[in-house]
1. Residue pairs, Cβ under 6 Å, 6 or more apart or interchain, first in region 40-63 and free of Cβ contacts under 8 Å to residues at least 24 places away in the same chain and over 16 Å from Val22 (Cα atoms), second open to solvent by 30 Å² or more (accessible area, probe 1.4 Å) and within 10 Å of ligand 2 (Cβ to nearest atom). List them.
2. Enumerate the helices (runs of 4 or more DSSP H) found wholly within region 184-258, keeping only those where 3 or more residues are surrounded by fewer than 22 Cβ atoms within 10 Å (Cβ to Cβ) and at pLDDT 95 or above.
3. Only residues that are crowded, with 16+ Cβ neighbours inside 10 Å, touching a Leu at 6+ places or on another chain (Cβ under 8 Å) and of a type in the set (Val, Ile, Thr): list them for region 278-298, please.
4. Could you please tell me which pairs satisfy a Cβ distance under 7 Å, a separation of 6+ or placement on different chains, a first residue in region 290-308 that is closer than 11 Å to Arg144 by Cα, and a second residue that is of a type in the set (Asp, Glu) and assigned to a helix (DSSP H, G or I)?
5. Check region 24-36 and report whether any residue there is under 22 Å from Met190 (Cβ atoms) and in contact with a strand residue (DSSP E or B) (Cβ under 9 Å, 6 or more places away or on another chain).
6. Can you pull out the residues in region 62-107 that are more than 16 Å from ligand 2 (Cβ to nearest atom), open to solvent by 20 Å² or more (accessible area, probe 1.4 Å) and in a helix (DSSP H, G or I)?
7. What number goes with the only condition from (1) over 22 Å from Leu143 (Cβ atoms); (2) of a type in the set (Val, Ile, Thr); (3) near ligand 1 (Cβ under 10 Å from one of its atoms) that Ile162 does not pass?
8. Open to solvent by less than 20 Å² (accessible area, probe 1.4 Å), outside any helix (DSSP H, G or I), polar (S, T, N, Q) and touching a strand residue (DSSP E or B) at 6+ places or on another chain (Cβ under 8 Å) - does that describe any residue in region 309-325?
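The values are calculated or read from the model by the stated rules, or taken from the named source; none is laboratory data. Quick caveat, the model's predicted, so the values are computed rather than measured. Backbone-built Cβ (ideal geometry, glycine too); neighbour counts: all protein chains shown. All accessible areas refer to the heavy atoms of the entire protein, side chains included, with ligands and DNA or RNA removed. Shrake-Rupley method; radii C 1.70, N 1.55, O 1.52, S 1.80 Å.
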Amino acid sequence: MTTTVSAYAAPAANAPLERTTVPRRAVGAHDVLIEIKYAGICHSDIHQARDGWGEGIFPMVPGHEIAGIVTEVGSGVTKHVVGDRVGVGCFVDSCRTCEYCERGLEQYCAGGGTSTYNALDQHGEPTYGGYSTHIVVDENYALRIPEGISLDVAAPLLCAGITLYSPLAHWQAGPGKKVAIVGLGGLGHMGVKIAHALGAEVTVLSQSLKKQEDARRLGADHYYATSDPATFETLAGTFDLVISTVSAPLDFDAYLSLVKTDGALVNVGAPEEPVKVSLFSLIGGRKTLAGSMIGGIAETQEMLDFCAAHGLGSEIEVIPADRINEAYERVIASDVRYRFVIDASTI
Ligand code: NAP
Ligand code: ZN
Ligand code: ZN
């Protein structure tokens, strides 16, 4: 039987989020019911709640950084039991048969996949995300949160953590590699922690010097302000890998100038407007300009286990749900250190 649960939703594009209720489907044979404990606020929630990417489905319950406890399992569930600590990230289903699903790259599912919110599920029903008290998901799309990480600091790993882990692993960040992380926000601070734990030499490129001390504490070896034009001269041709986490359009030619010959600039930020790039920025040094989106289920589990093994979690500010709108403004102003996490007991 469908149940009704409390949630925070944007009733329309750009409208402030407010308390409401949403339906959750009955727990099917392969489903788990999760009591949500914490939900991170990702900048993607803000882009979508304000319809910056277009085609938003309203009312919208954002939230794809979910950590909670399994409170019920379907008759056919084998991966989880009641009481398990679990997480849900950016998608809750995929076709399971395309070449990408078969390779564990469900995030690139050719059949489309089903986003955790702002999407229609396989029955045509809208999906509602983690700013809510409970969620029902197929057991295959719930991750195990290792004992070593508390649920509040684990929640942001489900998007921010995996979004940086995946390209760092794919482009082989590690000892002897120079990695730059552009933008020290929710994604960026996890990039610094993970790249450092992988053994890379890590540089933070931030708009100002305000976050310098934090960056060192998080594991950065070097820090530069991008507002200082000398930064681009000093660092020309330095990095094997530059990862941009910036939510607004950037001068990609300037950032490509920081990449070594045969190096890569990988963009994970999702600005609302297109950017212009001169192809001369690539051909002059056989450089790669690439994108990357979250990670697959197996890789997300690998990331959670890696974070537990290295004692990594997100740096968070826990807020009650009635401060979501204020938190959104602070994220937009780059005034977050470094992820807002909603205490779901206040929803
Ligand atoms: P965030 O916490 O707001 O961090 C973004 C950081 O970028 C800011 O803290 C700021 O860092 C920097 N920044 C912001 N505006 C800037 C500007 N105009 N010029 C230069 N730097 C600027 O956001 P987030 O949650 O990390 O998400 C970042 C972006 O990634 C968003 O667009 C989001 O939608 C996207 N995203 C993509 C994926 C994916 O799978 N590819 C997954 C999650 C999120 P400083 O203060 O240090 O400069
Ligand atoms: Zn996200
Ligand atoms: Zn697929």
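1. If the second residue must be open to solvent by 30 Å² or more (accessible area, probe 1.4 Å) and within 10 Å of ligand 2 (Cβ to nearest atom), no pairs are left.
2. Values: elements: 186-197, 212-218, 230-234, 252-256.
Where helices (runs of 4 or more DSSP H) fall fully within region 184-258 and carry at least 3 residues being surrounded by fewer than 22 Cβ atoms within 10 Å (Cβ to Cβ) and at pLDDT 95 or above, they are 212-218, 230-234, 252-256.
3. Hit for region 278-298 is Ile297, nothing else.
4. Ile297/Glu106
5. First, pick out the residues of region 24-36 that are under 22 Å from Met190 (Cβ atoms): 36.
Within this subset, residues satisfying the condition of being in contact with a strand residue (DSSP E or B) (Cβ under 9 Å, 6 or more places away or on another chain) are 36.
Yes: region 24-36 contains one or more residues that are under 22 Å from Met190 (Cβ atoms) and in contact with a strand residue (DSSP E or B) (Cβ under 9 Å, 6 or more places away or on another chain).
6. Those that are more than 16 Å from ligand 2 (Cβ to nearest atom), open to solvent by 20 Å² or more (accessible area, probe 1.4 Å) and in a helix (DSSP H, G or I): Glu99, Tyr100, Glu102.
7. Condition not satisfied by Ile162: (1).
8. So in region 309-325, the residues open to solvent by less than 20 Å² (accessible area, probe 1.4 Å) come out as 313-314, 319, 321, 324.
Next, from what is left, pick out any that are outside any helix (DSSP H, G or I): 313-314, 319.
Adding the requirement that they be polar (S, T, N, Q) leaves 314.
Subsequent filtering for residues that are touching a strand residue (DSSP E or B) at 6+ places or on another chain (Cβ under 8 Å) retains 314.
Checked region 309-325: at least one residue is open to solvent by less than 20 Å² (accessible area, probe 1.4 Å), outside any helix (DSSP H, G or I), polar (S, T, N, Q) and touching a strand residue (DSSP E or B) at 6+ places or on another chain (Cβ under 8 Å).
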